Ligand code: AMP
C-alpha cells in the first residue's frame, strides 16, 4: 500500500494536490479538516466540540483526532493506499499514525512537504475565505492557525526527516508543475 502524508501550512495546497493524487494513483483520501467540517454541518456532538477549536484556530485534542483517523482508515476496504491530508499535525499524532499503521503491517511511504512562503499563504487563505466562505479563513483566525502551525506542526519536518520519509516540494508555481514534482517523488518509491 502507498501511504502518503501530504504536509504543509494552511493554504499550502494540500487539498488541491490531494485530489489530483487520488485521481492518478487511485488512493483513498482522509482529510481530517473535511471530516470535522462534515460533522459540524451535521450538527453532531463531535462537530460541536470541533467547532470551538476550529473557530479559534486551535487544534482538536490529539486523542480525539487519533480515534477519528483510525475509524476512517479502517472503513476503507481493499485500499490501494491512503493519502493523509491535514494529519498528523503534532508529534503525538505522527507517533500514533506510525503505530496504527504498524499494527496493520503497514507504514508511511513518504511525507510530501509543500513549502509556500508566509505572505503567499496569507493571500491565498484570505482569497479562499472570500470565495468559499470558510469561517476560519479570516485574517485573525488565519494568523492564529499559522502560529499553531509553526509551534505544533512544523516540528514534524525534522521528525519525518529522521524517519527517512521526508520529501520537500516547492509549493509555489503552477498547479501542474507542483503536481509533476509530486508524481515524480511518488514514482521514485
Ligand atoms: P484543515 O482543513 O486541514 O485546514 O483543518 C481545519 C481545522 O480543523 C484546523 O485548523 C484544526 O482546528 C482542525 N484540524 C484538522 N485536522 C486536524 C488534526 N490533525 N489535528 C487537530 N486539529 C485538526
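Values in this text are rule-based calculations from the coordinates and carry no lab data. What you see is a predicted model; the values in this text were computed from it and never measured. Positions of Cβ are generated from backbone atoms using ideal geometry, with glycine treated the same way; all protein chains shown enter the neighbour counts.
Things to note:
- Total residues in the range 42-86, condition surrounded by 20 or more Cβ atoms within 10 Å (Cβ to Cβ), under 15 Å from residue 145 (Cβ atoms) and in contact (Cβ under 8 Å) with a residue 40 or more places away in the chain: 2
- Members of the range 14-41 found to be touching a residue at least 40 places away in the same chain (Cβ under 8 Å), more than 10 Å from the ligand (Cβ to nearest atom) and surrounded by fewer than 21 Cβ atoms within 10 Å (Cβ to Cβ), listed by number: 16, 20, 22, 24, 25, 26, 28, 29
- Residue within the range 61-74 that is more than 16 Å from the ligand (Cβ to nearest atom) and either farther than 27 Å from residue 158 by Cα or over 16 Å from the mean Cα position of the chain (by Cα) (or both) present: yes
- Selection within the range 160-180 - assigned to a helix (DSSP H, G or I) and either surrounded by fewer than 19 Cβ atoms within 10 Å (Cβ to Cβ) or touching a helix residue (DSSP H, G or I) at 6+ places or on another chain (Cβ under 7 Å) (or both): 161, 162, 163, 175, 176, 177, 178, 179, 180
Per-residue answers, yes or no, for (1) more than 13 Å from the ligand (Cβ to nearest atom); (2) loosely packed, with under 14 Cβ neighbours inside 10 Å; (3) farther than 18 Å from residue 1 by Cβ:
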| residue | (1), (2), (3) |
| --- | --- |
| 110 | yes, no, no |
| 128 | no, no, yes |
| 145 | no, no, yes |
| 153 | no, no, yes |
| 158 | yes, yes, yes |
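- Selection of first residues in the range 125-141 that are in contact (Cβ under 8 Å) with a residue 24 or more places away in the chain and of second residues that are assigned to a helix (DSSP H, G or I) and surrounded by 10 or more Cβ atoms within 10 Å (Cβ to Cβ), restricted to Cβ pairs under 6 Å at least 6 apart or on distinct chains, gives the following pairs, ordered by first then second residue: 125/142; 136/54.
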